[in-house]
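Any read-out appearing in this document is the output of simple, stated calculations on the displayed coordinates, not a laboratory observation. Since the model is a prediction, treat every value here as computed from it, not as a measurement. Every residue, glycine as well, gets a Cβ built from its backbone with ideal geometry; the counts of neighbours run over all protein chains shown.
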Amino acid sequence: MFLVTGATGTVGQEVVRHFPADLPVRIMVRDPARAAFAGRAAQTVTGDHGDPRSLAGALTGVRVAFLVTSRVGGDDDARFLRAARAAGVRRVVKLSAAAVLDPRADDLITRWQRANEELLRASGLEWTLLRPRAFMSNTLSWAGSIRSEGVVRALYGMAANSCVDPRDIATVAIRAMTGETHAGRAYTLTGPVALTAVEQTKQLGRLLGTPLRFAELSPYEARALLARRHPAPVVDALLESAARTRDGAKTRVDDTVREVTGRPAGTFAAWAERHVSAFAPR
């Protein structure tokens, strides 16, 4: 049995959708109502990283698990790994972040991910680490202003990031879960080219058939917007990360997607074409 945590998240959903039909997969979710997308192909269990009993139930009979945690600064990874060892899980494939490799990155989120990686490596379980750059799907946060005003508002519009298609991350995750050659490996995952927000805005405009305007946010404005969704320490970490993007820390392109899957990483244009309806006027 294979277990997917974070199954209703950006990458988790893609893992579930593309998991081999001939392999048994179980998804752990806090709210089963949000798992309807999985259909009958996956077994759904209710579980939470903070509930040891539910973790034990979700991990019963599991050989390989895909681990996604999101409560920054929390101990969800430690709880999960304890339960996984007790249940006899063989391998854990963990979603981490490319920033852990940058010695200049010392924000809260990166320190938390580094610590979680260390926990997994020291757990005694087989492990594989996935370290993606920013998700192409992060641009979905622009959809509202594009639909209503034809405007993209973002911080540091000329800062380039080698963002990656979440479907590529999921494909690598599935290979790492189901193959026998990925234990002890750490994969940095990027798209095929580093793009700026201004360039992404132009590509979206071409797909929509209308020019879009890019409006640069000030750090103050960006902080105010982020504070609507995140606690202050996370906002600080996100702004520190954005500053490193501004300074060119996220432009490197790796060919790992091709090396693991046999096909090149998807482009932003291809991702946007699949999701163009999200940006189109309703």
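Remarks
- No other residue among G6, G73, G12 is small (G, A, S) and more than 16 Å from the chain's Cα centre (by Cα) apart from G73.
- Search result, residues across region 100-149 that are among the aromatic types (F, W, Y) and not in a helix (DSSP H, G or I): W127, F135
- Answer from T171, T188, T245 - the residue that is surrounded by 14 or more Cβ atoms within 10 Å (Cβ to Cβ) and either assigned to a loop (DSSP other than H, G, I, E, B) or in contact with a Lys or Arg (Cβ under 8 Å, 6 or more places away or on another chain) (or both): T188
- Qualifying position, being more than 19 Å from the chain's Cα centre (by Cα), surrounded by fewer than 17 Cβ atoms within 10 Å (Cβ to Cβ) and over 20 Å from N161 (Cβ atoms), among R91, R82, R104: R82
- Restricting attention to region 206-220 and to residues that are in contact (Cβ under 8 Å) with a residue 12 or more places away in the chain and either part of a helix (DSSP H, G or I) or touching a Ser or Thr at 6+ places or on another chain (Cβ under 7 Å) (or both), the residue that is nearest to P281 (Cα to Cα) turns out to be L208.
- Residues of region 1-50 that turn out to be touching a residue at least 60 places away in the same chain (Cβ under 8 Å), part of a loop (DSSP other than H, G, I, E, B) and surrounded by 22 or more Cβ atoms within 10 Å (Cβ to Cβ), as a count: 2
- Some residue of region 75-94 being without any contact (Cβ under 8 Å) to a residue 12 or more places away in the chain, within 25 Å of T188 (Cα to Cα) and out of contact with any Ser or Thr (no Cβ under 7 Å at 6 or more places or on another chain): yes
- Residues satisfying the stated conditions in region 74-91, i.e. under 13 Å from L55 (Cβ atoms) and either among the β-branched types (V, I, T) or not in a helix (DSSP H, G or I) (or both): D75, V89
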